[in-house]
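Structure, as structure tokens:
Bear in mind that the values in this text are calculations on the coordinates, not laboratory data. Keep in mind that this is a model prediction, so the values were computed, not measured. In this analysis, Cβ positions are derived from the backbone assuming ideal geometry, glycine residues included, and neighbour counts consider all displayed protein chains.
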Amino acid sequence: MTSRTPATARVTLGSTFTGAAGGGSGDPDKARDSSGSSGPGGPGGPGGPNGPRGTEGSAGVTVDRHLAAAERQTSLAADVRAGLTSQPRELPPKWFYDATGGLLFDRITRLPEYYPTRREHAVLTAHADEIAAACPAATLVELGSGTSEKTRLLLDALRRLGTLRRFVPFDVDEATLLQAGADILRAYPGVTVRAVVGDFERHLGSLPGAPAGAVGGDRRLVAFLGGTIGNLQPAARAAFLRAVRDQLRDGDALLLGADLVKDTGRLVAAYDDSAGVTAAFNRNVLSVINRELDADFDLRGFAHVAVWNAENSWIEMRLRSVRDQEVTVRALDLVARFEEGEQMRTEISAKFTLDGLRAELAASGLATSRQWTDPDRDFSVTLAVPD
Ligand code: AVJ
């Protein structure tokens, strides 16, 4: 592998996106869908659809693309080929999150059984000001940002402190980024949004440097919330934490949200809710493959399974074939035969202990400076700095 510069395209979108998403690989329909209501500038304003593009610093969302649509497709194809031809079969969880998957995940976060989002929200509500005081950052970077409300708790705290200049959401899904970026732009006047389309396991080296006009330092707080760290296998976790550490400079910090080990019944229920939303989320990966790779998975032919793997301290989601069946993936020229009862793993979601987290961070060169939980000790938020 040569150390060439990543193929990055940069485009600045106006504060309303209508017609302004023609930056190349972006899907204009998605961008239009994500425009929501008009920004304060309104159409024709300086950042509006007729405003300048390709420059930073205007009232727009600047997007750095490290993951073009074509590359995303290639990477999905490789993952699906490897996953369907291995035994046991396995698909990586990152492909759950198309537009439908994002909506289903939003519904999961509101389910009575799914406690992590509420618990993390409680931790951040209680401690955002302490977090900001410990890392008075000009830039909040959010890895795997989604469309979260908890980001605002951190932005609000940094704004109260007076240090906030810039928000850098980092996600694989450009439509999600544009939506999140536009919302933040509207709600935080004077804050610039520099969105990064990328895979946090591969493109961390491309985090932007100091914001334009930064005064009084350019500290960055890098937030990785929601417990998504638990979706990585232990070796991948260590590599990811090391890569984050390598990006952090003096004064920067990592804020890590991680779910904690608890009663098995509650853990399993959180991933097998009675309304069947998690089941639909799980099967959605098959729809993604059907659409993107011209496959013919019958979603009714696969049942949702959630089990606690005590040895590895993680929840596993699987899809169980309810009958003997054959699936064709035309784009891969691949036929996969499933036997009745065969289970294909689609996600791991590891659960941690406070000590275990500190040890894993330390092993990757990160010293824990503070650690918080909700009163029930269901979920943790850890602040760590390069050691
Ligand atoms: C967003 C990755 C943290 O692992 O709990 C929710 C995803 N999967 N229900 C998690 C998920 C099933 C979620 N993360």
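Here is how the numbers come out for the structure above:
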item	result
In range of the label at residue 160: residues from the stretch 339-383 whose backbone nitrogen is under 19 Å from the point 7 Å along Cα→Cβ	370-375, 381-383
Pair-distance profile P(r), taking every C-alpha pair of the stretch 69-387, with 10 angstrom steps and integer %	6, 26, 34, 23, 9, 2, 0
Long-range tail of P(r) for the stretch 232-294 (Cα pairs > 21 Å, %)	57 percent
Net charge over other residues, Cβ less than 11 angstrom from the Cβ of residue 280 (K, R count +1; D, E count -1)	+1
Estimated FRET transfer efficiency (residue 106, residue 362; beta-carbon r; R0 35 Å; 0.05)	0.55
In Å, descending, principal axis extents of the Cα set of the stretch 245-387	53, 35, 25
Whole-Å distance, taken between Cα centres, linking the stretch 301-331 and the stretch 67-142	19 Å
Prolate/oblate/rounded label for the stretch 125-166 (Cα gyration tensor, a/c 1.5)	oblate
Length gained when the stretch residue 294-residue 130 is fully extended (0.36 nm per residue, less Cα-Cα span)	54.1 nm
Packing rank of 287-296, 218-227, 194-203, 111-120, where each peptide gets the mean count of other beta carbons within 10 Å, highest leading	218-227, 194-203, 111-120, 287-296
Rough spin-label spacing in nm, given labels placed 7 Å along Cα→Cβ, for residue 78 and residue 337	3.0 nm
Net +/- balance of residues flanking residue 138 in space, Cβ distance below 9 Å, scoring K and R +1, D and E -1	+3
For the stretch 100-177, convex hull of alpha carbons as volume per residue, Å³	85 Å³
Environment charge at residue 340 (Cβ cut-off 15 Å; Lys +1, Arg +1, Asp -1, Glu -1)	+1
